[in-house]
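Written out below as structure tokens is the structure these notes cover.
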Amino acid sequence: MDSTAAAPRQTASPEGGQIIAFQGMPGAYSDLSCRHAYPGWTTLPCASFEAAMQAVREGRAALAMLPCENSLAGRVPDIHRLLPDSGLHVVGEHFQRVEHCLLAPKGASIATLKRAHSHPMALGQVLRVLKELDLQAVIEADTAGAAKLIAERGGIEDAAIASELAAAVYGLEILRRNVEDEAHNTTRFYVMSRTPLSPPYGEGHWVTSFVFRVRNIPAALYKALGGFATNGVNMTKLESYMVNGEFTATQFLADVDGKPDEPALARALEELAFFSADLRILGTYPAHPYRLAQREGN
């Protein structure tokens with residue numbers, strides 16, 4: 001299934017126009033995801049996740065594309081910390097296949113290379129090609145930044161591990177495509193907006209994301225989640241993390257199938273609220289085709 005198919009059903013607000021913000025430099029995988037999910041939109045590079053969110057809050061962008069988890073690396077911790085108090089709403093999700101390319105300036109070849117520059121996570125995902133070509137791994141702040149550095153430096157001994165888009169942005173040659181060790185390397189993104197999608201949601205498959213903290217009573221989490229089982233609601237994600245560095249204040253981020261206006265999910269959320277000290281719906285949005293294809297394949 002093409003992970004870039006069918007962008008979330010969200011139109012641009014008057015403020016922000018058809019502009020979508022992301023964290024990173026031009027050519028980053030988040031930039032690529034924005035272009036695939038919202039073709040024709042202008043992408044806005046931001047220095048941090050918080051800056052991307054701020055761009056939406058201030059109306060400089062209509063949406064933000066924020067990575068929340070990767071099939072190899074797991075969750076993106078900063079996003080979990082920032083989401084609850086961002087003042088934004090999840091209005092869509094996007095799954096982007098990560099396809100690493102070996103990029104170098106014109107004149108370089110596989111035979112001339114000695115070093116490969118990239119983000120440490122990307123370098124860890126291309127160990128086979130590094131070993132095969134006997135390349136020294138050089139850590140950089142991000143993949144697109146590595147591509148920019150190599151383009152500016154020139155020479156025939158240094159390459160970058162980055163996206164095909166980064167090659168186009170910085171004028172580099174693609175010496176080899178798909179150099180990642182694992183073919184299933186995929187990143188999931190939340191699409192954030194100032195305005196939530198509101199009922200009636202319509203037909204189709206939907207996902208609801210929310211955060212909650214359970215009350216300080218015995219078996220609170222077990223009781224809080226029991227309503228999802230008894231009402232037949234499928235929970236696809238449950239992550240716990242500390243709040244303000246306190247070991248006793250654990251917050252949970254969850255994704256479930258369905259819409260809050262459906263009786264089964266409404267009952268489950270009501271039971272969750274009873275056993276929770278805090279419950280906030282982050283958004284309800286259409287399930288991405290990649291999610292549905294994976295479900296059908298299992």
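Read-outs: derived from the displayed coordinates by stated rules, not from any lab. Computed from a predicted model, the values in this text were never measured in an experiment. Note that we place each Cβ from the backbone using ideal geometry, even for glycine, and neighbour counts take in every protein chain shown.
Restricting to DSSP H runs of at least four residues, report the calculated mean residue ellipticity at 222 nm for the chain, -39500 (n - 2.57) per run over all residues, nearest 500 deg cm²/dmol.
Theoretical 222 nm ellipticity from helices: -8000 deg cm²/dmol.
Can you list the lysines whose alpha carbon sits under 24 Å from that of Lys223, skipping same-chain ones fewer than 8 residues off?
Lys237, Lys259
Taking every DSSP beta bridge that has both residues in the chain, what percent is antiparallel when rounded to the nearest 5?
75 percent
Straight distance only, please: which aspartates and glutamates reach the Cα of Lys148 with their own Cα at less than 16 Å, same-chain residues fewer than 8 apart left out?
Asp31, Glu140, Glu157, Asp158, Glu164, Glu173
Springs between alpha-carbon pairs under 10 angstrom, Gaussian network model over the chain: which of Pro45, Pro263, Pro218 fluctuates most?
Among Pro45, Pro263, Pro218, the largest GNM mean-square fluctuation belongs to Pro218.
Starting from the amide H of Leu44, placed 1.01 Å from N in the peptide plane, find each other amide H under 5 Å away whose residue is 5 or more places distant or on another chain.
Here the answer is Ile20, Ala21, Phe22, since their amide H atoms fall under 5 Å of that of Leu44.
For Ser198 and Asn216 in one chain, what is 0.36 nm times their gap in residues minus the Cα-Cα distance, to one decimal in nm?
Difference between extended and current length: 3.2 nm.
In whole angstrom, note down how far apart the Cα centers of the range 30-73 and the range 77-127 are.
The range 30-73 and the range 77-127 have Cα centres spaced 14 Å from each other.
On a straight-distance basis, which lysines could pair with Lys114 in a cross-link, Cα separation under 16 angstrom, same-chain partners fewer than 8 positions away excluded?
Lys106, Lys131
For the range 119-126, in order, what is each residue's ³J(HN,Hα) by Karplus, 6.51 cos²θ - 1.76 cosθ + 1.60 with θ = phi - 60°, in whole Hz (x at glycine and Pro)?
Whole-Hz 3J(HN,Hα) from phi for the range 119-126: 5, x, 5, 5, 4, x, 9, 10.
Taking a label point 7 Å from the Cα of Asp261 along the Cα→Cβ vector, which residues of the range 186-207 have an amide N closer than 16 Å to it?
What the label zone holds, given the 16 Å backbone N cut-off, is 196-207.
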